[in-house]
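The values are calculated or read from the model by the stated rules, or taken from the named source; none is laboratory data. Given the structure is predicted, the values throughout are model-derived calculations rather than measurements. A quick note on method: Cβ atoms are made from the backbone with ideal geometry, for glycine too, and the neighbour counts reach across all protein chains shown. All accessible areas refer to the heavy atoms of the entire protein, side chains included, with ligands and DNA or RNA removed. Shrake-Rupley method; radii C 1.70, N 1.55, O 1.52, S 1.80 Å.
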Amino acid sequence: MSHIRTDVDASEGDAAVELLEHDVEQQREDLAATVHALNNKLDVKTRAGVRAEQLADRATTPSGKPRPGLLAVVGGLLAATVAVAWWRRSR
């Protein structure tokens, strides 16, 4: 982040004005970049969508089918849930 120039002598004339204008433009660019970054960070809907796409890419093969390892985990969890439910009913 840049700072505001305080070392400009008023007797320098046009050169001083140009330096100050350049500093103001740089500050505006920095501020715009900061606002843009904050806007992206606060856009929860878009961030959630991007995260969902990432998870979907990890859970599926390039052809769009579920990964076999994921199917095994889901099947195991389903079997464990059914077994616990059956065990609790039988008691």
Item to check | Boolean, Thr34 is at pLDDT below 90, out of contact with any Leu (no Cβ under 9 Å at 6 or more places or on another chain) and open to solvent by less than 100 Å² (accessible area, probe 1.4 Å) | outcome: no
Next on the checklist: When the residues of segment 51-71 are narrowed to those that are at pLDDT below 90 and of a type in the set (A, V, I, L, M), which ends up least open to solvent (accessible area, probe 1.4 Å)?
Outcome noted: Ala59
